[in-house]
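What follows draws every value from the coordinates through simple rules; no lab data is involved. Computed from a predicted structure; not experimentally measured. Cβ placement follows ideal geometry from the backbone for every residue including glycine, while neighbour counts extend to all protein chains displayed.
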Amino acid sequence: MTASSSETPSNKPDASTFIADHRQVDRSKLSQMYLHYVETKDKYPNAMLLYRVGDFFECYFQDAVTLAQELELVLTSKQAGEQGRVAMSGVPHHSWERYTTLLVEKGYAVVICDQVEDAAEAAGRLVRREVTRVVTPGTLLEEGMLKSSRNNYLAAVVIAANHWGLAYADISTGEFLTTQGSDLEHLTQELMRLQPSEVLVPTNAPDLGSLLRPGETSPHLPQCLPPSFCYSLRSQVPFSQAEARPKLLQKFKVRSLEGLGCDHLPLAVRAAGGLLEYLEDTQKENPISLQRLRTYTTTDYLIVDHQTRRNLEITQTVRDGTFHGSLLWALDRTSTAMGGRALRRWLLQPLIDIKGIGSRQDTIQELVENTSVRQDLRQLLRQIYDLERLTGRAGSGTANARDLVALADSLSRLPELSRLVADAHSPFLKALQKVPPILEELAQKLHVHLVESPPIHIKEGSLIRPGVNPQLDERKATVEADQQWIANLEVDERARTGIPTLKVGFNKTFGYYISISRAKADQVPANYIRKQTLTNEERYITPDLKEREARILTARDDLNQLEYEIFTALREEVAQQAEVIRNLSRAVAAADVLCGLAELAVQQGYCRPEMLPGREIAIVEGRHPVVEQSLPSGFFVPNSTQLGEEEDAESGRHRDAESEIFTASPRPRIPASSSTSPDLVILTGPNASGKSCYLRQVGLIQLMAQIGSFIPAKFARLGICDRIFTRVGAVDDLATGQSTFMVEMNETANILNHATSRSLVLLDEIGRGTATFDGLSIAWAVAEYLATEIRARTIFATHYHELNELAGMLPNVANYQVTVKELPDQIIFLHQVQPGGADKSYGIEAGRLAGLPAVVIQRAKQVMGQIEKHSKIAIGLKNLE
Ligand SMILES: Nc1ncnc2c1ncn2[C@@H]1O[C@H](COP(=O)(O)OP(=O)(O)OP(=O)(O)O)[C@@H](O)[C@H]1O
C-alpha cells in the first residue's frame, strides 16, 4: 500500500525535512486546508484524524507517523503552504472502513472528517469538510467492523465510594441496560462478563478524551477496573445527576424514570446518561436508535465469576483461548447471527428463576417432540439475516440498499415463521405467532421499491425499480434517449464520413469524444473540433455531442440524487419501525436458541432436568457435554452424582435422601455412599483418571440447566444454585506478580467468603503449591469449613487420600473415587466414579508411563515405602487441642 497525495509526494521521507507535530507549526504560515486540519485536530488531540482529500483520507503530522507505523503504510510529506513540508500518510477513501477497523482494533479512536460538498460546488474555495463520525471500539456500526457472533458493548461506570453504577449498550443492536451495586468486586465481575470493547469513566484527569488501550494505566482510573479493557476518560459533567437524568427523560420521552426501573438508582442513572452523551458526541449526525433502557440486578441471575467461567471453558478454552472446545462451541446449533449472540448471552447469564427456566424448557420440549416443526423452523431461520443489526444501521443512517433488501427478505419470512408455529403452545414459539402487519407492509414496500441486487454505493443510482416514481422514470427515459443518440452516433458518423474506423469514446477528462486514426484526419467533417492528439489518433468533439453530454451528466446527477432521496426516505421508514422489528428479532433470536438446543438434545440424547427450589443435585448417568462430543460415539463413560440433602419444603427439615425418587421411581439409582446425599464429596483417583472431567461435568450440567437447556444425562433433579464457584489447577499470574500458591489461596478465600448453602463449589486440588503438610492441612480445614459452616454443595478432587477420613467424622461428607483396573504392568482407566476413597495414587506409575528413567522410578518406590512405614499423619477432630 502506498501513501497518497493529490500533490506529488517526496519519495524518501526524511524526518528532519518535515514537521511531525501539529503543535509546532506557525499557523499563520499554513495554507487554508492545513489550518482547518490543525484546528480540527485541536478538538480531538487523542484520536487519529482521517481527513478527506479527494479520493483519499489523509493524516498529517503525528497522526501520519502513527498511521504509517501501525498499518505499515508509506510515510511521506506534503507542502503545507509557507510552513514547508509536513508528515503525511493516507488511505483510499473507499477502504476507510477496513483501515479504521484495524486502527480501532489496535485501540485508537478515529475521527472521520469528510468532504460535505462537491469539489465542483466549492468552485475554487476550500471544500467544506466536517467531522461526520468518531469511531471508537465501543461505537462500531459497520458490518465489516463487527463480529456477528458476539455483542459489541460500550460500557459506562460511575463509582462512588464502595457503590457503583454500570450502564452498557450495543449500538449495533440497540440493547441498552443499566444497573447499580454496592460491592466493587461485583462491578469487576460484571465487566468481565460483558467484555466491553470500551468503558467510559468520568474523571477529572487533565487528558480528558483520551482512550487508554488495554494494559495502559492512568492514575485517574479506579483500581477496581480490570486492565484488560479500553477506557475512555470523560468529563464528569455528563455523568452528574443534574445532566444525566434529563438526558434520559428526553431520550426516552418519559416524564419520570420510574417506568425505566431506575428512578431510585442514582448511580445507574448517571452511568446511562453519561453513555448517552458520549454517543451523541461521537455519532454526530447519525442518530443512534437504542431500545428502551432496561434496569437489571446482578442477583437476578446465577452468579458465575470470571474465574469459574474461565475454568468451565464457557466461551473459550483455558489452554489456548479457542472457541473450539468450549461449552458454547458444543451447544451452538443456532441458525441466525442473532441466535448465536443470544446463546452466548444466556450462557454468560444463566437464570435463577424457576419459571423462566421452565418456559425455556417447555419450548425445547415442544420442539424435541415435534421433529417436522423443528426441522422446518431451522430451515426458515437460516434465511433470516441479522435483523437486529440491519435495523441498527437503518436507524443510524448507515444502512445501504443491500442492507434494506436483506432486511426486507428477512421480514418477509416472518409470516411463514408464524404459520409454522400457529399451533404451538410453548411461550417462546407463541411469541412468533403474531407478526405486526406493519412489518409485512414494510417488507412489501421495500421489495417494490428496491431492485433485487442493488450496488453498495447509494449515491450512484441503480437502486430503485421502474414504476415507483414517475419523475424518476421520466428522467431515466430522457437519459436513455440521449445515451441511445450517442450510441447511434458512431454508426451515423461512419456512414456520413466514410471512415469505417471512427469510434465514439468516453473518458473522465474530456467526456464523450469521436476518435479517428491520424491517417484519416484529413477526412474529418468541418463541424468536428479537435480536442486531443495521440500517437495514432486524433480526438474530436462536436457541439451536438457536447450538448447531449451535458444533458446526460446533469440528468444523471439529478437522477442519482432523486434515487438517493427515495432510498433515504425508505431507510427512514425502517428506522421508524426499529422498536417493532427489534422486539420481533428478540423473539426470533430466543426461538432460534431454543430450536438449536432442541436439536442438540435430540442429537446427543439429552434429558429435561427437573428444576427445584431446594438444594438437591441428583444427576443420573451424567456426561461432560464437550468431552463427550470430542470422543467417538459411545466412548464417554457416564457418571452419576447426588449432592445436597433436599429440604422438606414445609418443615424445612432435611428429607431422607432415600425418599421417593430413588426408591419408588424406576429411575436408575446413583451410587450409594456413607451419606447418600452428601453436601461434600471427596473425589480421589489416579492422575488422568477423570476427576477434573467429572468435576466440570457437574458444573456444566448445572449451568446448562439454569439457562433452560436440556442436559447430557439420563435423568436429573436439580435445585437452583445461586452461585457456581470453581478452583482449578492454578497458573502463575505473572501479570499481577502473584505466585501459583497465592492465586490458589486468593481464589479459595473468595469461595469461603461468598459461598452459601445454595452454591455449587468445585475444587480441583487445594494446597498443592506448598509443602505437603501445609497443603494437606489447608485442604482439610477448607473441606471441613465448607461441609460444616457453609454446607455448600461441594466436590473436592484431591490426591490427598487423607481427606477421605473426613467422611467418617462428618455425616454430610462422602467419598467417591474414579476407578482404574490394575494389571501387572499397566493401569486401565475405567473413568467410573464409584463410592469409596482411593487408597493409592499411582503417581509413580504415571511417572513411569511418562518415561521417567527406570532407575528413578525404582528409587521413588523405595522412598515411598520408607515414608509409608515411618509416617503416620495425625489428623484429628476440631477439639483435638
Ligand atoms: N467419563 C469419561 N469417559 C471417557 N473419558 C474420560 C472420562 N473422564 C475423563 N476422560 C478422559 O480422561 C482424560 C483425563 O481426565 P482428567 O483430566 O479429568 O483426569 P484427572 O483425574 O483430573 O487427572 P489429574 O489428577 O492428573 O488432573 C480426559 O482428557 C478425558 O479424555
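Please report the orientation-averaged projected area of region 288-355, defined via the convex hull of its C-alpha atoms, in nm².
6.6
Show me the ranking of peptides 541-553, 571-583, 702-714 by mean Cβ neighbours inside 10 Å, starting with the highest. Write out the running numbers ahead of the final one.
On the way: 541-553: 15.6, 571-583: 18.9, 702-714: 25.4.
So the order, starting with the most tightly packed, is 702-714, 571-583, 541-553.
Between Arg551 and Asp423, what FRET efficiency comes out of the Förster formula 1/(1 + (r/R0)^6) with R0 = 51 Å and r the beta carbon distance, rounded to 0.05?
0.25
Across region 149-300, what fraction of all alpha-carbon pairs, as a whole percent, falls in each successive 5 Å bin from zero upward?
Going from the shortest bin to the longest, the percentages are 2, 10, 21, 25, 22, 14, 6, 1, 0.
I need the calculated FRET efficiency for the pair Val855 and Asp353, taking r as the beta carbon distance and R₀ as 41 Å, to the nearest 0.05.
Computed FRET efficiency for Val855 and Asp353: 0.10.
Over region 351-413, with a single point scatterer placed on each C-alpha, what log10 of the ratio I(q)/I(0) does the Debye formula yield at q = 0.13, 0.19, 0.21, 0.29 1/Å?
Those come out to -0.56, -0.79, -0.82, -1.07, one per q.
Find how many whole Å separate the alpha carbon centroid of region 189-254 from the alpha carbon centroid of region 364-428.
Spelled out, the Cα-based centre of one part sits 36 Å from the other.
So for the chain, what are the equivalent ellipsoid semi-axes in whole Å, largest first, each being the square root of 5 times an eigenvalue of the Cα gyration tensor? It would help to have the intermediate numbers written out before the result.
Numbers: eigenvalues 837, 218, 154 Å².
With the √(5λ) rule applied to the chain, the semi-axes are 65, 33, 28 Å.
What length, rounded to one decimal in nm, is gained on full extension from Glu822 through to Asn746, with 0.36 nm per residue of separation minus their alpha-carbon distance?
Separation in residues times 0.36 nm, less the Cα-Cα distance, equals 23.6 nm.
If we count other beta carbons within 10 Å of each Cβ, what is the order of Glu538, Glu416, fewest first?
Glu416, Glu538
Count neighbours as other Cβ atoms within 10 Å of each site's Cβ, and list the GluC sites (Glu not before Pro) in region 279-380 that are DSSP loop with at most 11 such neighbours. Mind showing how you got there, number by number?
On the way: sites: Glu280, Glu285, Glu313, Glu366, Glu369; in loops: Glu285, Glu313.
Loop-located and lightly packed - Glu285.
List the trypsin sites (Lys or Arg not before Pro) in region 195-253 that DSSP assigns to loop (not H, G, I, E or B) and whose Cβ has at most 11 other Cβ atoms within 10 Å. Which are they?
Lys253
Using the Cβ atoms and a cut-off under 14 Å, what net charge is assigned to the surroundings of Leu191, where Lys and Arg are +1 and Asp and Glu are -1?
With Lys, Arg at +1 and Asp, Glu at -1, the neighbours total -3.
Of the peptides 511-523, 678-690, how do they stack up when ordered by the mean number of other Cβ atoms within 10 Å, highest first?
My ranking of the peptides, most packed first, is 678-690, 511-523.
Need one number: nm distance between label points at Arg494 and Asp26, each 7 Å from Cα along Cα→Cβ, rounded to one decimal.
That separation, rounded to one decimal, is 6.5 nm.
Calculate the FRET efficiency for Val448 and Thr509 from the Cβ-Cβ distance with a Förster distance of 45 Å, rounded to the nearest 0.05.
That gives a FRET efficiency of 0.65.
Multiplying the sequence separation of Ala122 and Asn687 by 0.36 nm and subtracting their Cα-Cα distance, what value in nm do you get?
195.7 nm is the gain from fully extending Ala122 to Asn687.
Can you tally the net charge around Leu260? Count Lys and Arg as +1, Asp and Glu as -1, for every other residue whose Cβ sits under 15 Å from the Cβ of Leu260.
Residues near Leu260 contribute +4 overall.
Which whole-number percent is the relative contact order of region 340-414 (Cα, under 8 Å, 6+ apart)? Mind showing how you got there, number by number?
Numbers: 24 pairs, mean separation 18.3, N = 75.
Once divided by the residue count of region 340-414, the mean separation gives 24 percent.
Which net charge results when you count Lys and Arg as +1 and Asp and Glu as -1 among the other residues whose beta-carbon is under 15 Å from that of Glu277?
Taking every Cβ under 15 Å from that of Glu277, the sum is +2.
Lysines near Lys147 by alpha-carbon distance under 22 Å, same-chain residues fewer than 8 away left out - which ones?
Within reach: Lys106.
For region 293-404, what is one quarter of the convex hull surface built on the Cα atoms, given in nm²?
With the hull built on Cα positions only, its mean projection is 9.8 nm².
Give me Ser585, Ser210 sorted ascending by neighbouring Cβ count inside 10 Å, so fewest comes first.
Ser210, Ser585
What's the ranking of 600-607, 408-415, 850-857 by average number of surrounding C-beta atoms within 10 Å, highest first?
408-415, 600-607, 850-857
Give me the lysines in straight-line cross-link reach of Lys714: C-alpha distance below 21 Å, same-chain residues under 8 apart excluded.
In chain and number order, the partners are Lys691.
Calculate for the chain the 222 nm mean residue ellipticity that helices alone would give, adding -39,500 (n - 2.57) per DSSP H run of length 4 or more and normalising by residue count, nearest 500 deg cm²/dmol.
-12000 deg cm²/dmol
Below 8 Å between Cα atoms, with a sequence gap of 6+, how large is the relative contact order for region 412-471 in percent?
25
Could you run the Debye sum over the Cα atoms of region 470-568, one equal point scatterer each and no solvent, and tell me log10 of I(q)/I(0) at q = 0.15, 0.21 Å⁻¹, two decimals?
Each listed q corresponds, in turn, to -0.64, -1.02.
With the contact rule set at Cα under 8 Å and sequence spacing of 6 or more, what percent relative contact order holds for the chain?
9
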